[in-house]
Amino acid sequence: MKLIFRRLIVSIVGLAFLFFSKDTGIAAEKPFYQGRALTVVINFAAGGPTDVEGRIIARHLSRHIPGQPGIVVQNMGGAGGVIAVNWLGEVAKADGLSLGYFTGPLFHQQLKNPALRVNLVKYPFITALQGITVCYIRADVPPGIKKPSDIVKAQRFRAGGLSFDSSKDVRFRLSFDLLGLKYDYVTGYNSSSEARLAVQRNEIQYHDETLPGYRSMVEPNMVKTGMVTTIYYNDIVSPEGEVKGSPDAPELSSFTQLYTQVFGKPPSGIKYEALKAANTSSTNMSRVILLPPGSPPEAVSALRNAFKSLSRDQDFVEDAKKVMKFHPRFELGEEAEKLYQKVVQAPPEILDFLRQFIDQVKK
């Protein structure tokens, strides 16, 4: 009799579980984001590359998050993108409902920018988006730059940048020093579009651009007309420090590939290690996606899984390729977490060298 009673209780409990969790969902644990709204904070003004990319991602992300929350995009520009990064760490609630889509915070952390009041080690890392920078020079720089390897023969030229502490400026200066080039450094252009016009007017002879700018403006109007020669793109670096090629520019060489082709061996030394550190923070992690410190683990897990799913969404990929001019490639999983920790905890001697390298041209 007792055995029959026990079996009856087990059956009732099992039926109750099925009823509540499967038929009505009352007792089942609902998704973290169900019935909520997620705000995507972009750290640059509307209309720029970071904003355009962030909005394409926001357009497709919700259906990959269990509970399909509403998504609101908020631009918070200023101070080279630092204002929004500080806001996410100092003001935003740690409730998983504010997501940062940021350009540049990791390089600011490496340089110990005093305007950055927060420590990115404490931010839950969701994912990052790769973004190579393509470097080009006027073909008429004496004695004539007709192919990438001709760059080491170039007579003195003017290289144009954005600011002393811009990651793009620091990386091309390090690269040029490693190649042994003679150049005059001209910086302070407000945007790559301004610097591109300066190249066209021959005020400067060198500049570099993100892949979308290169594909849409430089390649059709300057490369194919013979005005400029493409030299290389900035390296993508693995968590182990190995350099990888980009599938988005198979016809071009990376910096390390070009250097090895010219000199017969890969580069080395403190400048190369500093260049790899800067490339890791600005090429592998051209855009970084973070939650406020202390955000719920359920939110972190849901968003990491959502971006994995998004990366396989062909509708998103095709939409992004039309606007962004490249296949969006996310740093995902354990390898991505290793890469993020490598960036935010880079060796002090490398970071000290980077800061000194910048200070040299400020004086």
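The values are calculated or read from the model by the stated rules, or taken from the named source; none is laboratory data. The structure presented is a predicted model; accordingly, all values stated were derived computationally and were not measured. No Cβ is skipped: glycine too gets one built from the backbone with ideal geometry, and neighbour counts run over all protein chains shown. Surface accessibility is based on the protein's heavy atoms, side chains included, excluding ligands, DNA and RNA. Shrake-Rupley method; radii C 1.70, N 1.55, O 1.52, S 1.80 Å.
Of all residues in the range 314-363, those being over 26 Å from residue 304 (Cβ atoms), within 21 Å of the chain's Cα centre (by Cα) and hydrophobic (A, V, I, L, M, F, W, C) number 3. Identify, please: which residue in the range 235-261 is under 18 Å from the mean Cα position of the chain (by Cα), polar (S, T, N, Q) and not in a strand (DSSP E or B) and is, among those, modelled with the highest pLDDT? Per the criteria, the residue is 246. Screening residue 245 against (1) within 16 Å of residue 174 (Cα to Cα); (2) open to solvent by less than 50 Å² (accessible area, probe 1.4 Å) leaves a single unmet condition, (1). Restricting attention to the range 153-174, the residues that are part of a loop (DSSP other than H, G, I, E, B) and charged (D, E, K, R) add up to 2. The set of residues in the range 108-129 being over 25 Å from residue 305 (Cα atoms) and open to solvent by 10 Å² or more (accessible area, probe 1.4 Å) consists of 108, 109, 111, 112, 113, 114, 115, 116, 117, 118.
Could you tell me how many of the residues in the range 285-327 are of a type in the set (Ser, Thr, Tyr) and touching a residue at least 24 places away in the same chain (Cβ under 8 Å)? Walk me through it before giving the result.
Initially, the range 285-327 is screened for residues of a type in the set (Ser, Thr, Tyr), giving 286, 295, 301, 309, 311.
With the extra rule that they be touching a residue at least 24 places away in the same chain (Cβ under 8 Å), the set shrinks to 286, 295, 309.
Within the range 285-327, residues that are of a type in the set (Ser, Thr, Tyr) and touching a residue at least 24 places away in the same chain (Cβ under 8 Å) number 3.
One residue alone among 16, 58, 46, 94 is farther than 21 Å from residue 127 by Cβ and at pLDDT 90 or above, and that residue is 46.
Scanning the range 324-351 for residues that are aliphatic (A, V, I, L, M) and open to solvent by 60 Å² or more (accessible area, probe 1.4 Å) yields no hits at all.
What are the residues in the range 211-234 that are in a loop (DSSP other than H, G, I, E, B) and polar (S, T, N, Q), if any? I'd like the intermediate steps shown before the answer.
Taking the range 211-234 as the starting set, the residues that turn out to be in a loop (DSSP other than H, G, I, E, B) are 224-227, 234.
Residues satisfying the conditions are 225, 234.
In the list 133, 127, which residue meets the criterion of being in contact (Cβ under 8 Å) with a residue 40 or more places away in the chain, under 16 Å from residue 277 (Cα atoms) and among the β-branched types (Val, Ile, Thr)? When all the criteria are applied, what remains is 133.
With the structure loaded, tell me whether residue 266 is in contact with a helix residue (DSSP H, G or I) (Cβ under 8 Å, 6 or more places away or on another chain) and without any contact (Cβ under 8 Å) to a residue 40 or more places away in the chain or whether it fails that test.
Details: in contact with a helix residue (DSSP H, G or I) (Cβ under 8 Å, 6 or more places away or on another chain): yes; without any contact (Cβ under 8 Å) to a residue 40 or more places away in the chain: yes.
Yes.
Where residues in the range 153-206 are polar (S, T, N, Q) and open to solvent by 50 Å² or more (accessible area, probe 1.4 Å), which of them is nearest to residue 111 (Cα to Cα)?
Filtering the range 153-206 for residues that are polar (S, T, N, Q) and open to solvent by 50 Å² or more (accessible area, probe 1.4 Å), the one nearest to residue 111 (Cα to Cα) comes out as 190.
Yes or no: residue 321 closer than 16 Å to residue 124 by Cα and either in contact with a strand residue (DSSP E or B) (Cβ under 6 Å, 6 or more places away or on another chain) or surrounded by fewer than 17 Cβ atoms within 10 Å (Cβ to Cβ) (or both)? Don't jump to the end; show me each part of the working.
Values: closer than 16 Å to residue 124 by Cα: no; either in contact with a strand residue (DSSP E or B) (Cβ under 6 Å, 6 or more places away or on another chain) or surrounded by fewer than 17 Cβ atoms within 10 Å (Cβ to Cβ) (or both): yes.
Judged against the criteria, residue 321 is not a match.
Residues that are assigned to a helix (DSSP H, G or I), in contact with a Leu (Cβ under 9 Å, 6 or more places away or on another chain) and hydroxyl-bearing (Ser, Thr, Tyr): does the range 282-297 have at least one? Yes, the range 282-297 contains a residue that is assigned to a helix (DSSP H, G or I), in contact with a Leu (Cβ under 9 Å, 6 or more places away or on another chain) and hydroxyl-bearing (Ser, Thr, Tyr).
Among the candidates 150, 208, 177, 140, the residue that is in a strand (DSSP E or B) and modelled with pLDDT of 95 or more is uniquely 208.
Would you confirm, using the coordinates I've provided, whether residue 308 is within 17 Å of the chain's Cα centre (by Cα), at pLDDT below 95 and either within 30 Å of residue 112 (Cα to Cα) or among the basic types (Lys, Arg) (or both)? Quick ask: steps written out before the conclusion?
Working: within 17 Å of the chain's Cα centre (by Cα): yes; at pLDDT below 95: no; either within 30 Å of residue 112 (Cα to Cα) or among the basic types (Lys, Arg) (or both): yes.
It is false that residue 308 is within 17 Å of the chain's Cα centre (by Cα), at pLDDT below 95 and either within 30 Å of residue 112 (Cα to Cα) or among the basic types (Lys, Arg) (or both).
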